[in-house]
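Enquirer: Structure provided below as structure tokens; questions to follow.
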Amino acid sequence: MAEIRVNPTRMEMKRYQTRYQTARRGHKLLKDKRDELMRRFLDVVRENKQLRERVEASLAQVYGGFTVASAVSSPQMLQEALICPKKEGELHVDYRNLMSVNVPKFELKVRADNSEFCNYGMAFTSGELDAALLSLNGILEDLIRLAELEKTAQLLAEEIERTRRRVNALEHILMPQYLEVIRTIRMRLEENERGNTTRLMKVKDMMLKAQLRSPEDDDEDEELPEIT
């Protein structure tokens with residue numbers, strides 16, 4: 001820890017005491033913010049875990065349907081059936097403030113005239129392809145919500161790490177430095193006060209000795225003959 005060099009004056013001590021009190025209040029606020037961020041982060045992680053398990057199970061079913069469909073149909077037929085999308089929509093991205101963190105909020109708006117999930121004829125395609133596309137259409141909103149939760153968890157984790165570093169810097173570096181400076185200045189001031197007190201006591205003793213000397217002693221010193 002680097003040493004801070006200051007003038008040992010009462011004004012400097014008062015200034016560093018004010019800094020220390022400000023650092024203490026900031027440390028408490030940052031700790032409260034870190035705890036609340038952790039609580040929000042854990043809520044997002046739990047929801048993300050449940051949604052991911054559901055989406056992965058649905059995607060496994062979808063992939064299985066596509067595998068069966070590709071086995072019973074020719075690749076050219078599948079490509080012709082899936083070349084043009086049937087459902088179209090717009091994805092709107094908004095932001096909301098969550099504990100001073102701007103997290104995204106996704107909203108999908110599907111056109112009303114594109115409510116069907118397929119854009120091909122039923123004569124030359126298999127039922128497995130229809131079932132796979134229907135399952136994929138059902139998890140579209142879950143996929144968008146999962147992306148929103150993933151990004152929110154990432155942003156919250158970064159903010160928690162930044163807040164944790166600030167809390168540790170205040171607790172283990174800045175606040176101990178201020179306390180050490182205040183202690184050093186106080187010791188210097190007390191040492192100066194003791195030195196001043198000692199000098200005043202010596203001056204007082206000299207004055208008392210001067211007052212206790214009798215006038216006769218002074219006259220005798222003056223009448224002593226000079227020795228030749």
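Enquirer: Roll a 1.4 Å probe over the protein heavy atoms and report the accessible area of ASP94 in Å², nearest 10.
Expert: Taking all protein chains as shown, ASP94 has close to 90 Å².
Enquirer: Okay, next question. Under a plain spin-label model, where a point goes 7 Å from the Cα along Cα-to-Cβ, how far apart in nm are ASP43 and GLU191?
Expert: Result for the modelled spin labels: 5.5 nm.
Enquirer: Using a 1.4 angstrom probe with every protein chain in place, what is the largest-first accessible-area order of LEU91, LEU174?
Expert: LEU91, LEU174
Enquirer: How do HIS27, HIS92, HIS172 rank by accessible surface area computed with a 1.4 Å probe, from largest to smallest?
Expert: The ranking, largest first, comes out as HIS172, HIS92, HIS27.
Enquirer: What Kirkwood hydrodynamic radius, in Å, does the range 6-62 give when the mean of 1/r is taken over all pairs of distinct Cα atoms and then inverted?
Expert: 15.4
Enquirer: Straight-line reach from LYS49: which lysines have Cα under 17 Å away, leaving out those fewer than 8 places along the same chain?
Expert: Once the sequence-local lysines are set aside, what remains near LYS49 is LYS151.
Enquirer: Further question: Give me the distance between the Cα centres of the range 130-168 and the range 1-70, rounded to whole Å.
Expert: If you average the Cα positions of each part, the centres end up 16 Å apart.
The values are calculated or read from the model by the stated rules, or taken from the named source; none is laboratory data. Since the structure is predicted, the reported quantities are computational estimates derived from the model, not experimental observations. For neighbour counting, all protein chains shown are included, and Cβ atoms are generated from backbone atoms with ideal geometry for every residue, glycine included. Protein only, heavy atoms only, side chains kept; ligands, DNA and RNA dropped before computing areas. Shrake-Rupley method; radii C 1.70, N 1.55, O 1.52, S 1.80 Å.
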